[in-house]
Amino acid sequence: MTRVTKFALAAAVLAVALIVALLPRGGDDTAAKPSGDLAPARSAAALQPCPAPAAARPVKQLEGVTADCLGDGVRVDVGQALAGAPALVNVWASWCEPCRTELPVLQEYAKQPGAVRVLGVQVQSPAEDGLDLLAKLGVHLPSVFDGDGRSGPVRTALKVPSSLPASYLVTAGGEVRFIANPRSFVNTDQVRAAVEGAS
């Protein structure tokens with residue numbers, strides 16, 4: 001092999017390595033992060049704090065699943081935060097019209113005596129859009145951000161269907177139950193009945 005051939009071969013190998021290193025990685029949205037300065041939007045939304053990790057055993061289906069708290073950006077271990085007491089988990093997106101109707105209903109339900117904890121999971125839309133929507137609706141429920149792509153760690157763990165919204169009851173014992181009827185809540189009586197029916 002001549003010196004010119006060796007040089008050409010080395011240059012070709014380096015060029016291929018550089019191209020591979022610069023190619024975007026597709027399909028994995030699990031590391032999606034909110035971008036930009038969200039402080040003004042967070043201040044306007046005034047969300048309740050995300051649940052703190054409980055001393056109880058984590059919810060098995062969500063064990064080790066993390067997401068950013070929409071209200072302050074702190075990383076939340078969702079399985080640990082939902083441990084030990086019943087909770088309603090609601091998956092929503094800012095572009096979803098039924099979600100816009102349902103979020104204020106969930107806010108009203110959460111204020112009622114005997115209501116279980118409610119945790120929102122924003123998906124498939126930028127964090128700023130979600131914060132702006134919550135501020136506009138006057139909804140201050142604690143929420144986590146599961147990325148604006150087609151999938152995220154919370155959605156994967158819950159096996160969220162393609163149509164939104166989607167709600168789940170997490171029991172005190174750590175079981176996760178999808179609420180199929182109704183798929184979207186229009187009043188607090190429906191929320192209470194669904195929670196009691198799934199308990």
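At a glance:
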| quantity | calculated |
| --- | --- |
| Computed E for residue 132/residue 196 - FRET, C-beta separation, R0 35 angstrom, nearest 0.05 | 0.60 |
| Convex hull volume per residue for segment 113-199, taking Cα atoms only, in Å³ | 108 Å³ |
| Amide proton proximity set for residue 118, modelled H, under 5 Å, gap of 5+ | 88 |
| Cα centroid separation - segment 152-199 against segment 89-124, whole Å | 10 Å |
| Among 89, 130, 69 - extreme Cα towards positive end, dipole of segment 63-150, charges at beta-carbon | 89 |
| Whole-Hz ³J(HN,Hα) from phi, Karplus 6.51 cos²θ - 1.76 cosθ + 1.60, for segment 147-160, glycine and proline x | x, 9, x, 6, 9, x, x, 5, 4, 5, 5, 7, 6, 5 |
| Fraction of accessible area attributable to carbon and sulfur, segment 87-174 (%, probe 1.4 Å) | 53 percent |
| Pairwise label distance in nanometres, residue 140 with residue 52, each label 7 Å out on the Cα-Cβ vector | 1.9 nm |
| Total formal charge among the other residues, if their Cβ is under 13 angstrom from that of residue 170, Lys/Arg +1 and Asp/Glu -1 | +2 |
| Whether segment 150-199 is rounded, prolate or oblate, judged on the alpha carbon gyration tensor where a/c under 1.5 counts as rounded | oblate |
| Cut-off under 5 Å, modelled amide H: who pairs with residue 166 long-range | 91 |
| Global geometry of segment 82-125, whether rounded, prolate or oblate, following the gyration tensor of its Cα atoms and the 1.5 cut on a/c | oblate |
| Accessible surface, segment 72-128, averaged per residue in Å² (probe 1.4 Å) | 36 Å² |
| Cα gyration tensor, segment 30-148 - rounded (a/c under 1.5), prolate or oblate | oblate |
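The values are calculated or read from the model by the stated rules, or taken from the named source; none is laboratory data. Worth saying up front: this structure is predicted, and the values here are computed from it rather than measured. Counting neighbours? That spans all protein chains shown, and the Cβs are built from the backbone with ideal geometry, glycine included. Only protein heavy atoms, including side chains, enter the accessible area calculation; ligands, DNA and RNA are left aside. Shrake-Rupley method; radii C 1.70, N 1.55, O 1.52, S 1.80 Å.
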